[in-house]
Amino acid sequence: MAARSGAAEAVLLLLLWFAALEGAAGSEPPLKCEELRLGQYMCDEPKIDNSTQEPMNCTNHTAYVQCLPAPNITCKDHLGIEKFFTGREVGFYKPIECRNVNGYSYKVAVALSLFLGWLGADRFYLGYPALGLLKFCTVGFCGIGSLIDFILISMQIVGPSDGSSYIIDYYGARLTRLSITNATFRKMQTYP
């Protein structure tokens, strides 16, 4: 009876060993912390530069904020090391977009366009001296050009001549231009 029980234990141990091998081979490798789902991590707010109203350390239109995975999550951190997180360690750095600004204030441009647009002050400020001089000589194209410029500057369609963006409060009213290029994905509409 003892030999039979020893053989049964050996078979049971052998089956458990095969099951453990099967489970280890079939388990998925831990995912990178960047691939965590929303709610499994929390990112810091970016530090905003007061003079530009853009995130600090912005290079190539990108700044990075540190993100902390939630407690009891295991993933590969920004160095590629598999780690168990307690909620206080940095897991990865999330890229956020930032804009190129060169000192042209949106508030100043709108105010100049509203009050002194008929003299071309808005166009001089934004770096368009020829249009500013033309508006000055024609009294803002008899007021019509001043009204059109006020609308275009308010809608952020006309910007600084050097191609930079306006300085706008980071949490203020910004417009994001949408454009369609060859890389744009177009979703086919389905009709019922």
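The values are calculated or read from the model by the stated rules, or taken from the named source; none is laboratory data. The structure displayed is predicted, hence computed values, not measured ones. No Cβ is skipped: glycine too gets one built from the backbone with ideal geometry, and neighbour counts run over all protein chains shown.
Quick notes
- Only residues that are among the hydroxyl-bearing types (Ser, Thr, Tyr) and loosely packed, with under 10 Cβ neighbours inside 10 Å were counted in the stretch 158-192, giving 7.
- Looking across Gly172, Gly143, Gly163, Gly159, one residue alone is among the small types (Gly, Ala, Ser), touching a Leu at 6+ places or on another chain (Cβ under 8 Å) and modelled with pLDDT under 95. It is Gly159.
One line per residue, one yes/no per condition, for (1) more than 30 Å from Thr138 (Cβ to Cβ); (2) free of Cβ contacts under 8 Å to residues at least 40 places away in the same chain:
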| residue | (1), (2) |
| --- | --- |
| Pro46 | yes, no |
| Pro71 | yes, yes |
| Leu112 | no, yes |
| Leu116 | no, yes |
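Residue-by-condition table, conditions (1) out of contact with any strand residue (DSSP E or B) (no Cβ under 9 Å at 6 or more places or on another chain); (2) outside the structural domain of Ile153 (by TED's automatic domain parsing):
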{"site": "Asn57", "(1), (2)": "no, yes"}
{"site": "Leu79", "(1), (2)": "yes, yes"}
{"site": "Phe84", "(1), (2)": "no, yes"}
{"site": "Gly91", "(1), (2)": "no, yes"}
{"site": "Phe141", "(1), (2)": "yes, no"}
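- Given (1) surrounded by 14 or more Cβ atoms within 10 Å (Cβ to Cβ); (2) at negative phi; (3) part of a helix (DSSP H, G or I), index of the condition Lys107 fails: (1)
- If the condition is being under 25 Å from Cys58 (Cβ atoms) and loosely packed, with under 15 Cβ neighbours inside 10 Å, then the stretch 69-88 contributes only Leu79.
- When each of Tyr171, Tyr191, Tyr166 is tested for being within 20 Å of Pro55 (Cβ to Cβ) and free of Cβ contacts under 8 Å to residues at least 12 places away in the same chain, the lone residue that passes is Tyr171.
- Residue under evaluation Gly127, criteria (1) at pLDDT 95 or above; (2) in the same structural domain as Lys47 (by TED's automatic domain parsing), criterion not met: (2)
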